[in-house]
Amino acid sequence: MATILIVDDDSALREGLAETVADLGHHPLPAASGAEALARLRETPVAAVLLDLRMPGEFDGMATLARICALPGRPPVTVLTAFASPANTIEAMRLGAHDHLTKPVGRADLAAILDSMLSSARPDPGDTAPEGGLIGSSAGMRRVLKTIGLVADTDSTVLIQGETGTGKEEVARALHAYSARRGRPFVPINCAAIPPDLLESELFGHVRGAFTGAVGDRAGAFHQAEGGTLFLDEIGDMPPPMQAKILRVIQDRMVTPLGGRSARVDVRLVAATHRDLPALVEAGLPADWLDGDLPGAVARLERTMIALALREADGNRARAARRLGIQRQLLYAKIERYGLAAPGTDLSEETTVDVANPDAPDELGRG
C-alpha cells in the first residue's frame, strides 16, 4: 500500500479521487490547498501526488508543483486540470511533472497513472518559462506538448518530423521558448529555400575576400544563434556534402567560416523535415550521384526509385510496378538484382493485369 497525496480545493472531486485511490489498494492523503499539501509533505512520507492545477491562494497548482519538485527525494506528481492548454501542459512537464491529465480521470486511467508514478521518477526542474504559440488539446497534440516539456531544458539535438503545414516551426519555437536559452536568439533557416552554393556561407559565415563578392566579414547563422537555438527547417533537402559538414559541427561544436578560422559555438540545434529520412537512407540518397560512370549513376537512380515505390505501395509489388510504369516480372528481376528483397521485407502480391508501357524495357531489359 502506497500513500497518495491528493491536492484539490474542490471537496467533491477530492473525496471522489480519494475513494478510487482507496479502492485501488492505496492510502489517500487529502489536502485542500497547495499550502496544506506542502505541510503534509513535511510531515508524512508520500509515494505519489495527484495535484489540481487551478487552486486559489498563494500556491496554485504550478507554484505548488515547483515547490514539490524542488524537494530532495520528492515524489512523482501528476497534474490534473479541467482546462488543459498547450502552455500549462508544456510548463507542467518542464517543471518536472510525471504527467498532465484532463479531468475527469476514469478509474482505469487513474490506476495506470498511479502504477506509472510508483515505478518511476522524474528529473529535477528548471526555471519558469513564457507561454508558447501552440494550440490544440487532442490526444496526439497533448503527446507533442508533453514531449516538448520533457526535452525543452536539455541541450540535445532534436529532429521534428511531419508533413508540410503541420507546425514544425511552432514546435521548434516552443522548444526554445521553454528552454533555459529563451533569452538568447532563435534563428530559423529554411535549407530548401537557399541555393546550395550559398548555404555554406549562410550557415557558417565568411570573411572578406573568401570568394568573389565577399566585400566584408559576415557572421553565419551558427554565430547569430550563439547561446540560443538554430532551427534548420527542411534539413532533408540539404545537399549531402553540407550534411557531412553539419554532422562535424554537431560532433565538435566548431564552426569554420569560409576563408576563416574555426571557432567554438554554443548553439542548441533543432531540425525539421517532411521527408521520410529512413527511406532516403535505405535508398542510398546521403550518396554522390555524380561519382563514377553513367551506368552506375543510372543504377543508383533506378534502385532509389524502386525502393521508394515499394515503400509508398506498402511493399505491394503490383502497385509499385504500376507506379513505375513497368511490368511486374521486370520489377521482380530488379528487386532481386538490387537486393531489395532482404530478409524480413514484406513484399506482397496483388492479382492484377500488368500495365504495359511501350517505352519500358521488356523482361530481358531490352528497350
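The values are calculated or read from the model by the stated rules, or taken from the named source; none is laboratory data. Quick caveat, the model's predicted, so the values are computed rather than measured. Virtual Cβ from ideal backbone geometry, glycine too; neighbours counted across all protein chains shown.
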(message) Quick check on my filter: what residues within region 1-24 are aliphatic (A, V, I, L, M) and in contact (Cβ under 8 Å) with a residue 24 or more places away in the chain?
(response) MET1, ALA2, ILE4, LEU5, ILE6, VAL7, LEU13, LEU17, VAL21, LEU24
(request) Out of the residues in region 193-230 that are among the aliphatic types (A, V, I, L, M) and touching a Pro at 6+ places or on another chain (Cβ under 6 Å), state the one that is surrounded by the most Cβ atoms within 10 Å (Cβ to Cβ). (result) ALA225
(request) Just need a number here: residues in region 227-241 that are farther than 20 Å from ALA279 by Cβ and modelled with pLDDT under 85. (result) 1
(message) Of everything in region 232-257, what is buried (at least 16 other Cβ atoms within 10 Å of the Cβ) and either not assigned by TED's automatic domain parsing to the domain that holds ALA210 or not charged (D, E, K, R) (or both)? Give them in sequence order.
(response) LEU232, ILE235, GLY236, MET238, MET242, ILE246, VAL249, VAL255, THR256, PRO257
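A quick yes/no check of all residues on (1) in contact with a helix residue (DSSP H, G or I) (Cβ under 7 Å, 6 or more places away or on another chain); (2) at pLDDT below 85; (3) of a type in the set (A, V, I, L, M):
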{"residue": "GLN329", "(1), (2), (3)": "no, no, no"}
{"residue": "LYS334", "(1), (2), (3)": "yes, no, no"}
{"residue": "GLY339", "(1), (2), (3)": "no, yes, no"}
{"residue": "PRO358", "(1), (2), (3)": "no, yes, no"}
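Could you check how many residues of region 194-247 are in contact with a Gly (Cβ under 9 Å, 6 or more places away or on another chain), not small (Gly, Ala, Ser) and not in a loop (DSSP other than H, G, I, E, B)?
Step one: of region 194-247, the residues in contact with a Gly (Cβ under 9 Å, 6 or more places away or on another chain) are 200-211, 214-215, 217-224, 227-228.
Checking which are not small (Gly, Ala, Ser) leaves us with 200, 202-204, 206-208, 211, 215, 217-218, 222-224.
Filter once more, keeping what is not in a loop (DSSP other than H, G, I, E, B): 200, 202-204, 206, 218, 222-224.
Summing the residues that are in contact with a Gly (Cβ under 9 Å, 6 or more places away or on another chain), not small (Gly, Ala, Ser) and not in a loop (DSSP other than H, G, I, E, B) in region 194-247 gives 9.
Only one of LEU110, LEU101 is surrounded by 14 or more Cβ atoms within 10 Å (Cβ to Cβ), on the phi < 0 side of the Ramachandran plot and free of Cβ contacts under 8 Å to residues at least 24 places away in the same chain. Can you tell me which? Explain how you work it out, then say what you get.
Numbers: LEU110 fails: free of Cβ contacts under 8 Å to residues at least 24 places away in the same chain.
After ruling out the rest, the residue left standing is LEU101.
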